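The structure appears right after this line, and notes come after that.
Read-outs throughout are calculated quantities, based only on the coordinates presented, and are distinct from any laboratory measurement. Predicted model, so just to flag it, every value in this text is computed and none were measured. Here the Cβ positions follow ideal geometry from the backbone for every residue, glycine too, while neighbour counts run over all protein chains shown.
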Amino acid sequence: MIKNIIIILIFSLSLIIIFLKFFRTSRSPQFIDLPISRHLFRLELAKTITQKAVGLSNRVALCPNCGMLFVFPGEGILPFWMKDTLIPLDLIWVNQRGIVVTIETAPVENKSLTQLTVYKNTLPAGYVIELNANTAKNIGLQVGDHIAVPSNL
């Protein structure tokens with residue numbers, strides 16, 4: 001009897017450990033400090049599908065030197081919309097060589113899902129950086145500028 005209880009406990013603990021290791025969705029966010037146009041920004045990384053889908057939505061504020069860096073597995077046209085985004089943002093598409101290919105400013109939109117503006121890059125990109133609206137303009141960032149995004153993300 002005791003042997004069966006011990007086996008059941010070990011089996012149960014094993015299932016819990018497996019669940020926590022592979023199916024846990026609430027991981028602490030990762031950050032990177034990235035210089036952009038001689039200004040240092042603290043960017044939260046969005047690498048998983050869930051992180052990319054949520055992005056900066058439902059946040060009511062973003063510190064002046066904060067933002068998010070979306071990391072994609074390859075280059076392409078990367079459309080974004082601002083569903084449930086409560087703060088206006090700059091979207092900066094960067095190719096895998098670190099060249100800024102497109103910059104857009106997205107205002108807060110109170111529209112239905114089917115009426116939201118879709119923002120996208122004009123040339124292939126592998127990263128998208130979101131910062132507070134007008135930050136790119138205020139720091140002098142332009143299409144063609146270089147941002148040293150680490151390749152090991």
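What are the ³J(HN,Hα) values, in whole Hz, obtained from phi via the Karplus relation 6.51 cos²θ - 1.76 cosθ + 1.60 with θ = phi - 60°, for each residue of region 29-45 in sequence order, with x given for Gly and Pro?
x, 9, 10, 9, 8, 10, x, 9, 6, 6, 10, 9, 10, 9, 10, 6, 8
Where a Cα-Cα gap under 20 Å defines reach, which aspartates and glutamates qualify for Lys47, not counting those fewer than 8 residues away within the same chain?
Asp33, Glu75, Asp84, Asp90, Glu130
If packing is taken as the average number of other Cβ atoms within 10 Å across a peptide's residues, how do 55-65, 126-136 rank, most packed first? Walk me through the numbers before you get to the answer.
Details: 55-65: 13.5, 126-136: 22.2.
Final packing ranking: 126-136, 55-65.
How high is the FRET efficiency between Arg42 and Lys137 when r is their beta carbon distance and R₀ equals 22 Å, given to the nearest 0.05?
Efficiency for this residue pair is about 0.65.
Which shape class, rounded, prolate or oblate, goes with region 30-153 when its Cα gyration tensor gives a ≥ b ≥ c as root eigenvalues, a/c under 1.5 marks rounded, and past that a/b bigger than b/c marks prolate?
Rounded shape, in that the Cα axes give a/c under 1.5.
Which distance in nm do the two modelled labels at Asn58 and Lys83 give, with both placed 7 Å along the Cα-to-Cβ direction?
1.3 nm
Name the shape class, rounded, prolate or oblate, that the alpha-carbon gyration tensor gives for region 24-94, where a ≥ b ≥ c are the square roots of its eigenvalues, rounded holds for a/c under 1.5, and otherwise prolate holds if a/b is larger than b/c and oblate otherwise.
It comes out rounded by the Cα gyration axes.
What residues have an amide H closer than 5 Å to that of Leu86, excluding those fewer than 5 places away on the same chain, when H is modeled at 1.01 Å from N in the peptide plane?
It is Asn58, Arg59, by chain and number.
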